[in-house]
Amino acid sequence: MTFHHNSKPIGILGFGDGSEKLIEDFRYIFSDILNLGDAIRLNGVLTAVPFIQDLFICCTYERAEALRELKRSGLIYKRDFLFAEDCFPMLDDWKKCKIIFRSYHGSVKEYIKAVVFGYAAKHGKILPNDPCRDLLQGYYDKDTANSSNRIFRWITYSYYLLSGILESIPQLFAKRDSYDDCDHICFYDVSDATRFIKDHPSVRDKVITTEELKSHTMASLYMRAVYFDKRQNGCNCETPFHTLYVGKDGMTRLCDCPEFLDVGYGNIGITDINDIWNSTLAKIIRLSMINNTYTFCSRALCGKLKSSSDHTGSPDPMLYVAEKDCPDTVIVANDTICNLHCPSCRKSIYVKNPETVESAVRSCTQALLGSGWLEKADTLIIGGNGETFLSNNYKQLLYDGIIKRNNIVIMTNGTLFTQQEWRRLKDKYENISFSVSIDAATRKTYEKIRCGGNYEKLMKNMELLSALRKNNKVASVRVNMIVQKSNYKEIPDFIAWAKRMGFDEVNLSHIRNWGTFSEKEFSDVSMFDENEKMKPDLVKVLRDPICKDPIVRMQWKG
């Protein structure tokens, strides 16, 4: 059965409990693809409906029961009707494309990665290291993905690795620089892709990464996961409708934290930025907000979902939120260079990127500056994965352009913020805010945690920031403490200092293990147990009345 958008309107039949959600979800995604007509919802026995003699789509959680009832009424599957999930492969728009897998300058290691991961992604095969693999395969509770399932996945995946290598053999004998007969040139490594674009600008539009390939060939799996998931209670998040996060290597997320919603949409240094923002996968993720499922969101880490987990009652789906041509909030955190090397973040100091990394970061910078989004956006948030005032790329985004922008939030460690930087900033933005990571109330603790930092220099810079805030030249200042064993006793003094300085917010968050600690080390460093419960010593400190001050915000529950 083939549907065309300009054909006669296609009816929708909702069968059984919960089918209202399925009808709404299907219409949201497919209204631009198919010519959808009326929707009828039935419970129990099928009765005559206006489109029963025409082709129609059946939306149901109870596929087997619906199939029996429709057959009993003389209707034939795939002749008279389809189930909604039969249409999902229509979203996988690159599956039939001719794709050449490449590496830069013939690197065997990167070439093998491009082949095996690219081939698997092209054919919709879920990679073992995919953060969403269990959800995409239908295991909505990750604990149910037992070891036998994992072993089966590895065996299955091994087959596709071999198939990918065999498929790629003809490429070895093809003309190296002949790309006229292919749709896309796929790289595994982002820096490989950006260097290739630099050397082959005429085929820029064909260059993709395996991450982007996955988003175009596995949209049906993401849709299935969102479609059959159950609604949650008490949360109403609109972030993916107005926020674009640009992280490491230029990979994008539709959330203000990649940990909370770990689904990549494409690399802005390689892919047209508008194609990322308006992609099918982006729309599917936005659907998970509208239908209140939050399928790919971390219910353990996201504060909005954690705080709503105690709410009871009927699920209340979010009202339709209009999609925008570009984000209102752009968060840029793709440059990791920093003048400090805090144990909570990294194992060593690196103040300069290797040329391969720098090339990828520069590509993102040029894409953002060329998009016009920084002028259109209501807010630019910059930093968070490196030091803003050390990175030339961050500073180019801060200062380039001739139009005065709206709001800027600068994430910094404060050590490099000077009068000179302020003079460049003050006439560039309507409102300027700072988020400063300090982590200590004393020099001894600061020098232990913020390795490479100069406490006296920091305090001098914070005095400057305090004066600017008190004179309303700066819109707001937030100071941050990553709570850990080394500093938790200083929380009350840290809050008191922030109040004296006239700052707006003290943000307390618990330390995360970014691969810098062993499990044993992290257990000792963290002030939370394995169940995310505060240890008694931290509970005792937080009983200080100053910890209840309105300026204090704790990034944990309880």
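Looking at the chain, send over the antiparallel percent of its DSSP beta bridges, to the nearest 5. Let's see the in-between values first.
Numbers: 5 of 58 bridges.
Beta bridges within the chain, antiparallel portion: roughly 10 percent.
Would you compute the Debye intensity of the stretch 234-279 from its alpha-carbon atoms alone, equal scatterers and no solvent, and pass along log10 I(q)/I(0) at q = 0.21, 0.28, 0.31, 0.33 Å⁻¹ to two decimals?
Summing over Cα pairs of the stretch 234-279 leads to -0.65, -1.05, -1.22, -1.31.
Over the chain, how many percent of alpha carbon pairs lie in each 20 Å bin up to the one with the longest distance?
Reading the bins upward from 0: 18, 48, 29, 5, 0.
How high is the relative contact order of the chain? Use alpha-carbon pairs under 8 Å, at least six apart in sequence, and give a whole percent. Walk me through the numbers before you get to the answer.
Working: 968 pairs, mean separation 52.3, N = 558.
It rounds to 9 percent for the chain.
Give the share of C-alpha pairs in each 10 angstrom bin for the stretch 422-558, from 0 to the last occupied bin, in whole percents, shortest bins first.
For the stretch 422-558, the pair-distance distribution reads 11, 39, 32, 14, 3.
Given q = 0.13 Å⁻¹, what are the Debye log10 I(q)/I(0) values for the stretch 320-384, with equal point scatterers placed on the Cα positions and solvent ignored?
-0.50
Let me check something: with ligands and nucleic acids excluded, how do GLU355, GLU387, GLU532, GLU110 order by accessible area (1.4 Å probe), largest to smallest? Please report the intermediate quantities before stating the final value.
Values: GLU355 115, GLU387 0, GLU532 70, GLU110 30 Å².
Per-residue accessible area, sorted high to low, gives GLU355, GLU532, GLU110, GLU387.
Assuming a ≥ b ≥ c are the square roots of the Cα gyration tensor eigenvalues, decide whether the stretch 330-479 counts as rounded (a/c under 1.5), prolate (otherwise, with a/b larger than b/c) or oblate.
On the way: a/c = 2.27, a/b = 1.17, b/c = 1.95.
Oblate, because a/c is 1.5 or more while a/b does not exceed b/c.
If you place +1 on the Cβ of every Lys and Arg, -1 on the Cβ of every Asp and Glu, and leave all else neutral, what size is the dipole of the stretch 455-558 about its Cα centre, to the nearest 20 Debye?
Details: 19 positive and 15 negative charges, 94 e Å.
With only Lys, Arg, Asp and Glu charged at Cβ, the dipole is about 440 debye.
What number comes out for accessible area per residue over the chain if the probe is 1.4 Å? Units Å², please.
On the way: 26260 Å² over 558 residues.
Accessible area per residue, the chain: 47 Å².
As an exercise, find the ratio Rg/Rh for the stretch 60-136 from alpha-carbon atoms, using the Kirkwood inverse-distance average for Rh. Intermediate results must be reported in sequence, preceding the final value.
Values: Rg = 19.5 Å, Rh = 16.1 Å.
Rg divided by Rh gives 1.21.
What whole-number value in cubic angstrom gives the convex hull volume per residue for the C-alpha atoms of the stretch 512-558?
Values: hull volume 4.4 nm³, N = 47.
Hull volume over Cα atoms, normalised by residue count, gives 93 Å³.
Need one number: nm distance between label points at LEU369 and GLN420, each 7 Å from Cα along Cα→Cβ, rounded to one decimal.
2.0
For the chain, with all protein chains present and a 1.4 Å probe, just round the carbon and sulfur fraction of the accessible area to a whole percent. Write down the numbers at each step before the final one.
Values: 13330 of 26260 Å².
Ligands and nucleic acids excluded, carbon and sulfur reach 51 percent.
So what's the gap between the Cα centers of the stretch 407-447 and the stretch 256-280, to the nearest angstrom?
28
Fully extended, how many nm does the chain gain between ARG79 and GLU20 (0.36 nm per residue separation, minus their Cα-Cα distance)? Kindly include the intermediate steps, with their values, before the conclusion.
Numbers: separation 59, 0.36 × 59 = 21.24 nm, distance 2.41 nm.
That works out to 18.8 nm of additional length.
Pop a pseudo-label 7 angstrom from the Cα along the beta-carbon direction at both ASN35 and ASP180 and give the gap in nm to one decimal.
With each label point 7 Å from Cα toward Cβ, the separation is 3.9 nm.
As I understand it, the dipole of the chain uses +1 on the Cβ of Lys and Arg and -1 on the Cβ of Asp and Glu, about the Cα centre. Which of SER288, VAL474, PRO201 lies farthest toward its positive end?
VAL474
Taking θ as phi - 60°, what are the ³J(HN,Hα) couplings along the stretch 439-444 by the Karplus curve (6.51, -1.76, 1.60), each to the nearest whole Hz, with x for Gly and Pro?
6, 7, 10, 10, 4, 4
The values are calculated or read from the model by the stated rules, or taken from the named source; none is laboratory data. Quick caveat, the model's predicted, so the values are computed rather than measured. When we count neighbours, we look across all protein chains shown, and the Cβ atoms used for this are built from the backbone with ideal geometry, even at glycine. Side chains included, ligands, DNA and RNA excluded: accessible areas come from the protein's heavy atoms. Shrake-Rupley method; radii C 1.70, N 1.55, O 1.52, S 1.80 Å.
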